[in-house]
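Step one of this worksheet: look at the structure below.
The values are calculated or read from the model by the stated rules, or taken from the named source; none is laboratory data. Computed from a predicted structure; not experimentally measured. Please note: Cβ atoms are built from the backbone with ideal geometry, for glycine as well, and neighbour counts cover all protein chains shown. Calculation scope for accessible area: heavy atoms of the full protein, side chains included, ligands and nucleic acids excluded. Shrake-Rupley method; radii C 1.70, N 1.55, O 1.52, S 1.80 Å.
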Amino acid sequence: MRFTEHELTVAVTTAAKSVATAKARRRKDAEEVWESTSKIDRYHLIDGVGSQVLPVLLALPDVEVAPGTPATFTDEQVKQAVEQAVGDGKGIRRRVEVAARTALVRLALAALPPRQDPDGLVVPDSL
């Protein structure tokens, strides 16, 4: 699937915020936890989450996305992309990894902003 840079940034950052909130083990707002996290820790979170989520997002099949709506995928499409990214293996460890990564990718996909119509963009004359 072809995502814009903005869409990928929003998806990975949202997933990283979720991981940071889970690691904090406190009942706080995700934004509050994210703001209290140091910049280097944010970088490490985004790097780690990105290495898990980005290969799956890029492996998703191309779907037609109407302007004003976010890209949507079926559970089966997401699961197949995750299994492809995880690779071969058997046992409970692989099943847990597939389930965890699927949940993380689903969270990232839920955060995707609506697709903008490239023909509908208006550039002001002052630019």
Q: Determine which single condition PRO70 fails, assuming it passes every other condition in (1) more than 18 Å from HIS6 (Cα to Cα); (2) surrounded by 11 or more Cβ atoms within 10 Å (Cβ to Cβ).
A: (1)
(Q) If I ask for residues that are among the hydrophobic types (A, V, I, L, M, F, W, C), at pLDDT 75 or above and not in a helix (DSSP H, G or I), which ones from region 102-127 would you list? (A) ALA111, LEU112
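The rows are residues; the columns are (1) open to solvent by 40 Å² or more (accessible area, probe 1.4 Å); (2) out of contact with any Leu (no Cβ under 7 Å at 6 or more places or on another chain).
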position: GLU7; (1), (2): no, no
position: ALA15; (1), (2): no, no
position: THR21; (1), (2): no, yes
position: ALA24; (1), (2): no, yes
position: GLU35; (1), (2): yes, yes
position: ASP41; (1), (2): yes, yes
position: HIS44; (1), (2): yes, yes
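Hey, among VAL49, VAL82, VAL86, VAL65, which residue is open to solvent by less than 90 Å² (accessible area, probe 1.4 Å) and in contact with a Leu (Cβ under 8 Å, 6 or more places away or on another chain)?
On the way: VAL82 fails: in contact with a Leu (Cβ under 8 Å, 6 or more places away or on another chain); VAL86 fails: in contact with a Leu (Cβ under 8 Å, 6 or more places away or on another chain); VAL65 fails: in contact with a Leu (Cβ under 8 Å, 6 or more places away or on another chain).
Every option except VAL49 fails the conditions.
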Q) How about region 1-48: which of its residues are modelled with pLDDT of 85 or more and acidic (Asp, Glu)? A) GLU5, GLU7, GLU31, GLU32, GLU35, ASP41, ASP47
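Yes or no, residue by residue, for (1) farther than 20 Å from THR4 by Cα; (2) open to solvent by less than 90 Å² (accessible area, probe 1.4 Å); (3) acidic (Asp, Glu):
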| position | (1), (2), (3) |
| --- | --- |
| VAL56 | no, yes, no |
| ARG93 | yes, no, no |
| ALA100 | yes, yes, no |
| LEU107 | no, yes, no |
| ARG115 | no, yes, no |
| ASP125 | yes, no, yes |
